1. Hey, what's the chain come to in accessible area per residue, 1.4 Å probe, Å²?
2. Gain in length, Arg55 to Glu22, computed as 0.36 nm per residue apart minus the alpha-carbon separation, to one decimal in nm?
3. Could you give the semi-axes, largest first, of the ellipsoid that matches the chain, computed as the square roots of 5 times the alpha carbon gyration tensor eigenvalues and rounded to whole Å?
4. For the chain, with all protein chains present and a 1.4 Å probe, just round the carbon and sulfur fraction of the accessible area to a whole percent.
Amino acid sequence: MQAIHNDLNDYNLLATCAPLGEPELSGVIDFGDMLAAPVVCDVAIAGAYLVLGQRRPLELLRALVAGYA
């Protein structure tokens, strides 16, 4: 158990443009849903938002979990 964001989605992420033009994560906002829970819950919530409306959701989930691991 630890403090988790509990609402990780693309609307709560801040990005900057890197020198090569690729976006980089620079911050996270909106901590109103924060609570104590198993860490994996943040990954599951982010994954649920990630696959909304996607044609190949398993590929996206695989990349998210690989980055988390």
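1. 76 Å²
2. 9.5 nm
3. Equivalent ellipsoid of the chain: 21, 18, 11 Å, largest first.
4. Carbon with sulfur: 63 percent of the solvent-accessible area.
The values are calculated or read from the model by the stated rules, or taken from the named source; none is laboratory data. Quantities reported herein were computed from a predicted structural model and do not represent experimental measurements. Heads up: the accessible areas ignore ligands, DNA and RNA and are worked out on the full protein's heavy atoms, side chains in. Shrake-Rupley method; radii C 1.70, N 1.55, O 1.52, S 1.80 Å.
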